[in-house]
Amino acid sequence: MKTIRIYGRTEFPGKVTAEALVSPMPLQGFTNVDPDRGCTTERNHPLFGISYAGKVLVFPSQRGSGGFLKYGRGDHKPAAFIHTVASPINVLCYLQAHVPAMTDFEKDPMDYIETGDIVFVNADEGYIEITKKE
């Protein structure tokens, strides 16, 4: 199996290995996320209704304001957050969620990670490892 390692900046520490769920579009909070089901409720979003619970949620950026905090609530939160554009609002979400989070990668993880890949997030040491799905 091919493994790809990419270094980045830690926003919240921790280590986790989980399946990736990739959003090609930015994610928005407030009324566009259901923390009790762990999914986006934005009807025109590619991840509409797909559970992110226990997954490494990979996305380009957040869209909108503080409603993004809902992604880190409840029993259905992601296992980790990986994103390409940093935002102070994102950091508040990760602090609340207590799950590993990384950004500012040497290479864009969106170019390497596909939904279903297994991602080891080592936010303690500042890298992710991607094992491609078969």
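The values are calculated or read from the model by the stated rules, or taken from the named source; none is laboratory data. This structure is a prediction, so every number in the text was calculated from the model and none was measured. Because the Cβ atoms are built from the backbone with ideal geometry, glycine has one as well, and the counts that use them run over all protein chains shown.
Within region 1-49, restricting attention to residues that are without any contact (Cβ under 8 Å) to a residue 60 or more places away in the chain and of a type in the set (V, I, T), which residue is surrounded by the fewest Cβ atoms within 10 Å (Cβ to Cβ)? Once the filter is applied, the top-ranked residue is T31. Kindly indicate whether any position in region 63-83 is loosely packed, with under 15 Cβ neighbours inside 10 Å and not small (G, A, S). Looking for residues that are loosely packed, with under 15 Cβ neighbours inside 10 Å and not small (G, A, S), one finds at least one in region 63-83, hence yes.
Out of curiosity, is Y112 over 23 Å from P46 (Cα atoms) and among the aromatic types (F, W, Y)? Considered against the rule, which asks whether it is over 23 Å from P46 (Cα atoms) and among the aromatic types (F, W, Y), Y112 comes out as no. Taken across region 35-45, residues that are over 16 Å from M102 (Cα atoms) and in a strand (DSSP E or B) do occur, with at least one present.
Here region 84-134 is the region considered, the condition is being exposed (fewer than 14 other Cβ atoms within 10 Å of the Cβ) and acidic (D, E), and the residue that is farthest from R5 (Cα to Cα) is E134. Criterion first (of a type outside the set (F, W, Y), more than 16 Å from T115 (Cβ to Cβ) and at pLDDT below 85) does G29 satisfy it? So G29 passes the test. Would region 96-109 turn up any residue that is within 14 Å of the chain's Cα centre (by Cα) and aromatic (F, W, Y)? Yes, region 96-109 contains a residue that is within 14 Å of the chain's Cα centre (by Cα) and aromatic (F, W, Y).
Here is a yes/no grid of residues against (1) assigned to a loop (DSSP other than H, G, I, E, B); (2) modelled with pLDDT of 95 or more:
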{"residue": "F68", "(1), (2)": "no, no"}
{"residue": "K77", "(1), (2)": "yes, no"}
{"residue": "V85", "(1), (2)": "yes, no"}
{"residue": "C93", "(1), (2)": "no, no"}
{"residue": "Q96", "(1), (2)": "no, no"}
{"residue": "V99", "(1), (2)": "yes, no"}
{"residue": "V119", "(1), (2)": "no, yes"}
{"residue": "E125", "(1), (2)": "yes, yes"}
{"residue": "K133", "(1), (2)": "yes, no"}
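Restricting region 52-66 to residues that are under 12 Å from the mean Cα position of the chain (by Cα) and polar (S, T, N, Q), the residue that is modelled with the lowest pLDDT is Q62.
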